[in-house]
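Report on the following structure.
The values are calculated or read from the model by the stated rules, or taken from the named source; none is laboratory data. Predicted, not measured: the structure shown is a model, and the values here were computed from it. Neighbour counts run over all protein chains shown; Cβ positions are idealised from the backbone, glycine included. What goes into the accessible areas is simple: the full protein's heavy atoms, side chains included, and nothing from ligands, DNA or RNA. Shrake-Rupley method; radii C 1.70, N 1.55, O 1.52, S 1.80 Å.
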Amino acid sequence: MRRVSLILVFGASLIAGPVSAQTTSPSPAPAAPPAYGEQITIEQAKKAAAAAAEEAKKINTFMAIAVVSPSGDLVYFEKMDNTQYASVNIAIHKARTAARFRRPTSSFEERVAGGGVGITLLTLDDVIASPGGNPIIVNGKIIGALGLSGGTGAQDNQASLAGIAALK
């Protein structure tokens with residue numbers, strides 16, 4: 001009799017589990033990404049790059065700095081003296097990814113680090129899962145993106161955000 005009671009309780013919990021899951025309210029939909037705007041001007045690109053380079057100097061790193069249009073095409077590039085050669089293409093890649101996917105490259109790092117389904121991001125063309133690439137948003141629209149490489153991911157991101165802040 002005791003075994004039958006346990007089976008009934010266990011069976012009831014299996015039936016009740018899905019019912020209670022269905023009655024919870026769904027989580028809100030994520031916000032839509034910002035729309036694309038006009039292309040960043042060369043003056044804006046130089047201003048953002050200069051601010052990013054200044055921040056890199058403050059934190060004692062050498063950076064490659066890339067500014068791209070909303071489509072991911074290179075608008076402006078500079079490399080600080082003594083920057084590692086590998087950082088040139090990495091900075092451009094970070095900027096291009098941030099512009100084309102309309103989100104910071106750190107968001108890809110977070111999803112990949114979470115494992116599971118996040119790992120599938122690595123199969124998408126042009127994704128780079130490393131901080132330092134950020135969209136440049138002016139008046140609520142993406143006008144380009146800034147990508148930096150040469151320091152740690154956190155340093156790249158810090159200098160990138162300083163460059164973007166110079167345009168606000």
| field | Label-to-label distance, nm, for residues given as Lys46 and Gln84 (7 Å Cα→Cβ offset) | value | 3.1 nm
| field | Extension gain from Lys58 to Thr120, taking 0.36 nm per residue of separation minus the Cα-Cα distance | value | 18.7 nm
| field | Check: region 93-168 dipole with +1 on Lys, Arg Cβ and -1 on Asp, Glu Cβ, in debye | value | 300 debye
| task | Using the heavy atoms of the protein chains and a 1.4 angstrom probe, tell me the accessible area per residue for region 36-168 in square angstrom. | result | 49 Å²
